[in-house]
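Enquirer: Below is a structure I'd like to ask you about.
The numbers here are math on the coordinates, done by the rules we state, and not lab data. Remember, predicted model here, so these are calculated numbers, not experimental data. Glycine also receives a Cβ, built like all others from the backbone with ideal geometry; neighbour counts cover every protein chain displayed.
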Amino acid sequence: MTDKRTRAVYWAATILFVLPMTWSAIQYFTEAPKMVETMTHLGYPIYFLKILGTAKVLGAVAILYGGFRTLKEWAYAGFTFDLIGAFWSHLASGDPIYVAVIPIGFLLVLAISYLSWKSLERSNRKAKAVP
């Protein structure tokens, strides 16, 4: 895949991931009734909404800004843990599988963003190494 195409895939996947994560963070901060209902159903305290909302906003900024490579890696890891946790939380609370797999869909989009970012990084390193 060319760098131009990889960059397009990266930005498409990243935007498709970051926008819903940011939207959910806003829903968490405002304690939207559906989010409160979901958290209660999953067995988490309501204050957990603020913790997750803060983490999602910081993670989205780290992924979009990308100036600090290690921080961006941590953001990808944090979202991975969040989505795996959401999957298992839904299963453990008795939700049907079609509800539980929604976070896995987001995890796949996150993986595309991450893998294309790493591919672009490798290409950039190679380009800088060639005189």
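Enquirer: Using θ = phi - 60° and the Karplus form 6.51 cos²θ - 1.76 cosθ + 1.60, what ³J(HN,Hα) does each residue of region 112-125 get, whole Hz, x for Gly and Pro?
Expert: Calculated HN-Hα couplings, in order: 5, 4, 5, 5, 6, 4, 5, 5, 5, 4, 4, 4, 5, 5 Hz.
Enquirer: What net charge do the residues around Ile102 carry, taking every other residue with its C-beta under 15 Å from that of Ile102, with Lys and Arg at +1 and Asp and Glu at -1?
Expert: Net charge in that neighbourhood comes out at -1.
Enquirer: So if each residue of separation counts as 0.36 nm, and I subtract the Cα-Cα distance between Glu73 and Leu16, what length gain in nm does that give?
Expert: 18.7 nm is the gain from fully extending Glu73 to Leu16.
Enquirer: Each residue of region 16-29 in order: what ³J(HN,Hα) in whole Hz does its phi give by Karplus 6.51 cos²θ - 1.76 cosθ + 1.60, θ = phi - 60°, with x for Gly and Pro?
Expert: Each residue's phi maps through the Karplus curve to give 4, 8, 5, 4, x, 5, 5, 4, 5, 4, 4, 4, 5, 4 Hz.
Enquirer: Along Cα→Cβ, 7 Å out, is where each label goes; now give me the distance between the ones at Leu115 and Met1 in nm to one decimal.
Expert: Distance between label points: 0.8 nm.
Enquirer: If we restrict to alpha carbons, what Rg and Dmax does the chain come to, in Å?
Expert: Cα only, the chain: 16.6, 59 Å (Rg, Dmax).
Enquirer: Reachable lysines from Lys50, Cα under 20 Å, same-chain residues fewer than 8 places away excluded?
Expert: Lys34
Enquirer: Now a separate question. Quote to one decimal, in nm, the extra length available between Leu91 and Asn124 on full extension: 0.36 nm per residue of separation minus the C-alpha distance between them.
Expert: The span from Leu91 to Asn124 would gain 7.8 nm if fully extended.
Enquirer: Here's something else I'd like to know. Using Cβ counts within 10 Å as a stand-in for footprinting exposure, how do Thr30, Thr6 rank, fewest first?
Expert: Going from sparsest to densest Cβ surroundings: Thr30, Thr6.
Enquirer: With unit charges on the beta carbons (Lys and Arg positive, Asp and Glu negative) and the dipole taken about the Cα centre of region 75-131, which residue among Ser116, His90, Ala129 sits farthest to the positive side?
Expert: Final value for the positive-end residue is Ala129.
Enquirer: State to the nearest 20 debye the size of the charge dipole of the chain about its Cα centre, where the only charges are +1 on K and R beta carbons and -1 on D and E beta carbons.
Expert: For the chain, the charge dipole is close to 840 debye.
Enquirer: Place a label point 7 angstrom from the Cα of Ile51 along the Cα-to-Cβ direction, then list the residues of region 71-111 whose backbone nitrogen is under 17 Å away.
Expert: Inside the label zone: 78-90.
Enquirer: Using the Cβ atoms and a cut-off under 14 Å, what net charge is assigned to the surroundings of Lys128, where Lys and Arg are +1 and Asp and Glu are -1?
Expert: Result for the local shell: +1.
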